[in-house]
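Bear in mind that the values in this text are calculations on the coordinates, not laboratory data. On a predicted model such as this, the values are computed, not experimentally measured, just so you know. Here the Cβ is made from the backbone with ideal geometry for all residues, glycine too, and neighbour counts use every protein chain on show.
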Amino acid sequence: MRIESFTIYLLKLPLKHEIKHASAARSDSLNLLVSCRLRDGTIGWGEGVPRPYVTGESPESAVARLSDDSWSESLTAACHDWSEVIRLCESIRLPGDGEDPRGCENNAARCAVELAILDAYGQAFGQPVSDLLRSFPTAATVHQPTDTVRYSGAVTASSPGRERWSAVKMRVYGFRDCKVKVGIMADEAARMRTLRRWLGRRMVIRVDANEAWSPEQAVSQLRSLKPYRIAAVEQPVAHEQVGTLREVRSAIDIPVMLDESLTSVADAEAAIRDETCDLFNIRLSKCGGFLNSVRLAALAQAAGLGYQLGCHPGESGVLSAAGRHWACSIKNIRFLEGSYDRHLLTRRLTIEDPTFGYGGRAPSLRRPGLGVTVDPAALSAMAEKRSECRLG
């Protein structure tokens with residue numbers, strides 16, 4: 001039960017429509033895909049979504065770092081159970097640029113490698129990845145398996161006509177909550193008035209500013225949005241100004257969620273110490289993988305903070321499946337994002353379709369590993385770069 005090799009791919013996943021917010025706009029997603037091959041021939045898959053404005057990684061830099069196979073030298077130990085696999089994953093050390101005070105410069109790459117290892121060993125053990133949490137002491141305070149979960153919808157900044165149509169679809173499709181991207185339009189209050197009407201009185205709405213505002217603008221804008229019953233605001237200011245959020249929180253009556261400023265245990269501990277938020281937005285790729293994301297949920301739980309499981313637009317079915325395992329294993333998730341595959345991608349990477357159903361509902365995955373299979377034809381069509389890393 002040893003790892004034989006890793007294969008690293010740079011993928012371009014075309015999106016059905018442009019995704020736009022205050023920090024970026026894209027019509028396709030450049031993702032990192034890693035396969036892990038065990039000596040018995042078992043192959044596992046992992047994915048990361050490098051975003052320079054989040055962790056500093058670009059897709060190209062992530063591929064380049066993993067193409068230097070020196071990082072794999074610590075992954076030669078044999079594993080016979082989940083405890084040993086967890087220890088193996090804890091030993092992952094990727095090359096970096098030196099200083100990394102936040103501990104996030106390789107998070108997307110680390111996530112892809114870790115998930116590939118977990119998927120491979122889960123298949124070898126004949127157990128779903130979520131079963132590993134029974135062997136992970138850090139998960140004890142937050143582990144609570146469930147058979148089904150409900151995902152959120154999302155309304156991105158777009159033309160008024162498309163936004164209204166999107167809002168109507170959210171309502172008709174039975175979502176109970178959705179996220180609205182803000183920070184691009186001049187009059188967000190007028191826009192929210194219209195969206196609230198189309199989304200309906202029962203819809204739980206949260207907003208995501210993607211670092212769009214100064215602290216003063218955040219207070220002004222959020223006060224103007226308060227009449228529309230906003231459940232939370234995500235990352236209202238740039239990370240460089242995250243220290244101002246304690247004062248922003250005291251000036252508004254809307255819970256503040258960290259996203260770009262929540263990438264690691266160091267970020268989480270600073271947020272708790274400085275009282276800069278009410279909730280964490282945990283994303284597997286942004287936060288360095290499955291295990292690190294569990295650590296962040298446990299820290300939030302211990303500090304009396306809430307948390308959501310977020311996603312990066314453009315994730316393939318590999319990350320969707322990993323998110324499903326996490327979501328179906330962790331209690332008290334305030335909001336849940338992901339599994340948008342069929343609604344967002346023009347072509348699936350996986351043979352299985354993990355897209356949520358009516359109302360955002362989705363079942364747990366109980367097949368071994370992540371429970372999805374990469375489609376060789378789709379992989380061949382989407383792969384732009386490929387390199388291999390063999391262990392000694």
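In the chain, the longest principal axis of the Cα atoms and the axis of helix 160-172 are about 70 degrees apart. Basic side chains Lys and Arg get +1 at the Cβ, acidic Asp and Glu get -1 at the Cβ, and with that the dipole of the range 224-338 about its Cα centre reaches some 400 debye. Over the range 138-363, Cα pairs under 8 Å with separation of 6+ residues give a relative contact order of 23 percent. Among Trp213, Trp198, the order by Cβ neighbours within 10 angstrom, fewest to most, reads Trp198, Trp213.
Against the chain, whose longest principal axis comes from its Cα atoms, helix 107-125 is set at around 50 degrees.
Based on C-alpha pairs under 8 angstrom that are at least 6 apart in sequence, the chain has a relative contact order of 24 percent. Between the listed residues Ile230, Leu245, Ser74, the Cα displaced farthest toward the positive end of the dipole of the chain, a dipole computed from Cβ unit charges relative to the Cα centre, is found at Ile230. A simple charge model with +1 on the Cβ of Lys and Arg, -1 on the Cβ of Asp and Glu and nothing else charged puts the dipole of the range 138-363 at about 1180 debye relative to its Cα centre.
Annotation: the residues Met257, Met1, Met382, Met170, sorted from fewest to most other C-beta atoms within 10 Å of their own C-beta, follow the order Met1, Met382, Met170, Met257. Charge dipole of the chain (Cα centre as origin; +1 on each Lys and Arg Cβ, -1 on each Asp and Glu Cβ, all else neutral): 1960 debye, rounded to the nearest 20. Evaluating 6.51 cos²θ - 1.76 cosθ + 1.60 at θ = phi - 60° for every residue in the range 335-348, the Karplus couplings come out as 9, 9, 10, x, 6, 8, 2, 5, 7, 10, 8, 6, 8, 7 Hz, glycine and proline recorded as x. For the range 138-363, with the dipole built from +1 on Lys and Arg beta-carbon atoms and -1 on Asp and Glu ones, taken about the Cα centre, which of Val168, Cys178, Ala154 lies farthest toward the positive end? Among Val168, Cys178, Ala154, the one farthest towards the positive end of the dipole of the range 138-363 is Val168.
For the chain, the longest principal axis of the C-alpha atoms and the axis of helix 317-327 are separated by about 70°. Across the range 146-153, rounded Karplus estimates of 3J(HN,Hα) from the backbone phi angles (6.51 cos²θ - 1.76 cosθ + 1.60, θ = phi - 60°) give 9, 8, 9, 9, 10, 8, 8, x Hz, Gly and Pro being marked x.
Among the GluC sites (Glu not before Pro) in the range 228-301, those located in a DSSP loop and surrounded by at most 15 other Cβ atoms within 10 Å of their own Cβ are Glu275. Listed values for the range 367-381 are Karplus-derived 3J(HN,Hα) couplings in whole Hz (6.51 cos²θ - 1.76 cosθ + 1.60, θ = phi - 60°), namely 6, x, x, 6, x, 10, 10, 6, 7, x, 5, 5, 4, 4, 6, and x replaces Gly and Pro.
Residues Thr156, Thr148, ranked from the fewest to the most other C-beta atoms within 10 Å, line up as Thr148, Thr156.
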